[in-house]
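A quick write-up on the structure given underneath.
The values are calculated or read from the model by the stated rules, or taken from the named source; none is laboratory data. Please read these numbers as outputs of a predicted model, since none were measured by experiment. We place every Cβ from the backbone using ideal geometry, glycine too, and count neighbours over all the protein chains shown. These accessible areas exclude ligands, DNA and RNA; they are computed on the full protein's heavy atoms, side chains included. Shrake-Rupley method; radii C 1.70, N 1.55, O 1.52, S 1.80 Å.
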Amino acid sequence: MKDQVMRDFSHLDEEQLPIAQNKLHGGKHFAGLYAGEHVAATEFVIGATFVALGASTRDILFGLLIGNILAVLSWTFITAPIAVQTRLSLYTYLNKIAGDYMTKLYNWANAIIFTVISAAMITVSSSAVRFLFNIPAQLNWYSSNIWFILVVIAVGVVVVFVAIYGFNTVADFSSICAPWLFTLFIAGALVLLPELSHSVIGSTSISSWKEFLSIGDQSIWKGVTDTGESGIGLFEVIGFAWAANTITHVGLIDMAILRFAKKSYYGVYSSFGMLFGHYVAWIAAGIMGAGAAVLLNQPVASLDPGDVAYYALGASGFVIVIIAGWTTANANLYRAGLAAQAIFKNHSRKRTTLVVGIFTVIIACFPFVFTKMLPMLTYAGLLVVPVGAIVFAEHFIFPRIGLTRYWAYYKKMVVSKPAVISWFAGLILGFGLNALNVMSFYYLFIPAWFFTLILYTILAAKAGARGDYTEEIKEEVQLQKDIKIYQAEKAKTEKVQHKDTSLFSKILNALSILCLLIILVLAFRTMFGSPDIETYNINKAMFQKYAFVFTIGYFVFAYWNLRRKKALIQYI
């Protein structure tokens, strides 16, 4: 029987099967992944956006905290439980619920969305490199410089290579980059705060929390836009922080990541991305953006991530924009590859990711892709949220009200009309409310989600979800048992990773941490050890010089340690 099971499933790509028990990861794995993905190059742009939109200091501090906590709760109580219980990506799971036709349309949409997001991040990373080669800024929708295109291709090749080798490689890359990214965001804000303080109160020293709030109100988050109009308030800031990632949490795209989690509560590890990433990084980016604007005597809205990072961090600024773009591009290209592989089931995820990656690099050669990314993300969230509601209804609501989960799959329906109708109805409602301007754009996903959930439940009940599928359910239960047997047998011949407890690895880990601590110490010295502007300029120059040196040191020690851990992989 086991041999037969092996024959039945060996022709399928692993991405089409539930994740095997030996492939699951602990919480630390997801902490690094989320921190790496959500401390990204876009944080420079979003941090500056809050400044340009005229938010006040207190609204930023409290609004971002509340909004990001709501996002974490969405991952923890919506996305993670479904992902852990099914062990499937949304792309595969949706096929059981909505039928093959709608699933293919949905996967096409997601493949395009995540390809464009990845391309935008590659473009951002490449934009930072232009300073090194004296390449002019690319302001048109197309690139007018062949050297910029070559830089994009070089950066893109690395991103595609990492994404092709799957979840483990993406997570490993993020786990190395995440601590350094977070350190550099904090350091950049600390280094430029004295510059802002000097421009507001005439002193480089900030002696109290009250002075910090005053500096924030007068030079960073002023509560008004550059044109003097009233800025966004607390309600909008909360909505922005919550809605920024609806495509991944309420929209369930992150099932692709959290299906590897050992426990469903691991969704809480998204807080490493939301609170350490979005909250701290957005605030830090706002401070850096305002500081760079003071230095250059330009509006913060006219600066690109390369400008902001360079004038705060020096040479390390180039590196942080490149690395931050990579971490986000990797995760999104991985998702795009999954979506494409769910469409072309006869091809492996590596092959589909390679093809998607080629298109990603081509798109990244056109700079417009980044300038239009923020509105695209907002509309992408509205597009995906109704589908997330359909999956949530079928997975959680149906068993509790006497309806059958996977009823369309049991009926062998190619198209689930209730799902298709509900999805498009949710889109009409969401975009209709937006056109009517009846509520804040950031909260439109809430009525769209509830409306779709209710409508789909009603339509599915009438279309066959109340039917008797006893025999089909028995077959499904047996199928899942056979898959687990197959995976258990296969695991006996696969490599496993043992924890590295050697003294040398501990020394390498300590040295990498020491490099980060030295960078922070230099940043704190610049902020708190600069009694006048002349001393500040000296300390800032010293920070920028040695931050780059210890950045190199960090990656040398961290990568060395990672390679040693990988070398311990052996057959059981």
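Among the candidates 214, 219, 271, the residue that is at pLDDT below 90, buried (at least 19 other Cβ atoms within 10 Å of the Cβ), assigned to a helix (DSSP H, G or I) and polar (S, T, N, Q) is uniquely 219. Being more than 19 Å from residue 312 (Cα to Cα) and hydroxyl-bearing (Ser, Thr, Tyr) is the filter; apply it to the stretch 500-544 and report the residue that is most open to solvent (accessible area, probe 1.4 Å). Restricting to residues being more than 19 Å from residue 312 (Cα to Cα) and hydroxyl-bearing (Ser, Thr, Tyr), the top hit is 501. A search for C-beta distances below 8 Å between a residue of the stretch 142-164 that is open to solvent by less than 10 Å² (accessible area, probe 1.4 Å) and any residue that is charged (D, E, K, R), counting only pairs 6+ apart in sequence or on different chains, returns 148/130. Among all residues of the stretch 343-359, there is at least one that is more than 14 Å from residue 112 (Cα to Cα) and crowded, with 20+ Cβ neighbours inside 10 Å. Of all residues in the stretch 462-483, those satisfying the criterion of being farther than 19 Å from residue 398 by Cα and either open to solvent by less than 30 Å² (accessible area, probe 1.4 Å) or outside any helix (DSSP H, G or I) (or both) are 482, 483. Within the stretch 248-258, being of a type outside the set (D, E, K, R) and more than 16 Å from residue 103 (Cα to Cα) holds for 248, 249, 250, 257, 258. From the list 57, 49, 86, the one residue that fits, being of a type in the set (Val, Ile, Thr), farther than 30 Å from residue 307 by Cβ and surrounded by fewer than 23 Cβ atoms within 10 Å (Cβ to Cβ), is 86. Would you check if residue 497 is within 27 Å of residue 181 (Cβ to Cβ), open to solvent by 80 Å² or more (accessible area, probe 1.4 Å) and modelled with pLDDT under 90? Yes: the conditions hold for residue 497. The set of residues in the stretch 211-253 that are touching a residue at least 24 places away in the same chain (Cβ under 8 Å) and among the acidic types (Asp, Glu) comprises 217, 226, 229, 236. Contact map, the stretch 33-62: residues that are of a type in the set (S, T, N, Q) paired with residues that are in a loop (DSSP other than H, G, I, E, B) and modelled with pLDDT under 80, Cβ distance under 8 Å, separation 6+ or inter-chain. Pairs shown: 56/231.
Taking helices (runs of 4 or more DSSP H) as the structural unit, those lying wholly within the stretch 383-461 and holding at least 3 residues that are at pLDDT below 95 and either open to solvent by 50 Å² or more (accessible area, probe 1.4 Å) or under 26 Å from residue 471 (Cβ atoms) (or both) correspond to 407-410, 417-436.
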